[in-house]
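The values are calculated or read from the model by the stated rules, or taken from the named source; none is laboratory data. Nothing here was measured: the structure is a model prediction, and the numbers come from that model. Methodologically, a virtual Cβ is constructed for each residue, glycine included, from the backbone with ideal geometry; neighbour enumeration extends over all protein chains shown. Areas reflect the complete protein model, heavy atoms only, side chains present, ligands, DNA and RNA absent. Shrake-Rupley method; radii C 1.70, N 1.55, O 1.52, S 1.80 Å.
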Amino acid sequence: MEVPGHFLSGSTANIPGIIAGEMEKSRKSARDMLAAFDVAANKAGIPHENILEKCPTFAVPDLLVDYARLRDLTIVPVPESYDQWYAEAVIFGSGRPTLVLPEGPRARPFELGTVAIAWDFSRAAARAISDAMPMLEKASKVRIVTVTNEKKLDSKHSAAALAKNLARHGIDVVLDKVDANDQPIGEVLEAYTASHRVDVLVMGAYGHSRWREFILGGATQEPAVEAAAPDPVFALTASRHCRRAAASRRRMRSKRAKARA
């Protein structure tokens, strides 16, 4: 069709046809991914279901949160900048634990060998430990790492008290303290997981900017660290005030998207 007063004026641009074609590509891609998931799940003998749902882009985060709230665990890939809002929506809005998985190939096969707990005496960290308890009970080794001189730790109780509580569940732990030494928390924990060959890092997701720093930035971009790191899985649970803030941000984004439409 011809678009008067537009930079495409005088040319023939089949905009509806282009949109329809892109939508069909998207549907085919979704169907192909579901088919691949079916094959993998059936091969592993895992009961599963497929859900294919259409919604506008701005509504995707809320849709994911709705589904996540009805599941025991949500698994998301380490997000690129374009879809980090989706992962953040699930982590901070679902009220359920989330596993963040590296997308690239691992240097070694995954095993539930060493699980580390990033412990800062916060509500979010305590909740993450509770959510990860089945994993902690099955791990070969559990470490508790406390990063010092990074922020004030408002507690009279030490990590040893946490270790005592975990021992009641039959979990023996190794206690570690790491001095931040003026480094960002992301770099500190990244180096720790690399040096101790950590398979899963359990931590509380207690702030959007700090979560982005750890998952998206910091040492994850350094080739030397990336090569040495065992690509840990991150088990995250958000604190209550972060979930409320995330819900508010999603509503604002939705209103802006609707206004632009």
Checklist line | Considering residues of the range 170-200 that are closer than 21 Å to PRO102 by Cα and among the polar types (S, T, N, Q) only, the residue most open to solvent (accessible area, probe 1.4 Å) | finding: SER195
Next item on the list: Search the range 127-155 for residues that are farther than 22 Å from ASP179 by Cα and in contact (Cβ under 8 Å) with a residue 24 or more places away in the chain and pair each with any residue that is of a type in the set (S, T, N, Q) and part of a loop (DSSP other than H, G, I, E, B) when their beta-carbon atoms are under 9 Å apart and the residues are at least 6 apart or on different chains.
Entry: ARG127/SER239
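Restricting to the range 42-66, what's the tally of residues that are over 26 Å from GLU88 (Cα atoms) and either open to solvent by less than 90 Å² (accessible area, probe 1.4 Å) or among the hydroxyl-bearing types (Ser, Thr, Tyr) (or both)? Walk me through it before giving the result.
Filtering the range 42-66 for residues over 26 Å from GLU88 (Cα atoms) gives 42-47.
Narrowing the set further to residues that are either open to solvent by less than 90 Å² (accessible area, probe 1.4 Å) or among the hydroxyl-bearing types (Ser, Thr, Tyr) (or both) leaves 44-45.
So the count comes out to 2.
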Next item on the list: Please specify each residue of the range 93-117 satisfying the condition of being in contact with a Leu (Cβ under 8 Å, 6 or more places away or on another chain), part of a strand (DSSP E or B) and at pLDDT below 90.
Entry: THR98, LEU99, VAL100
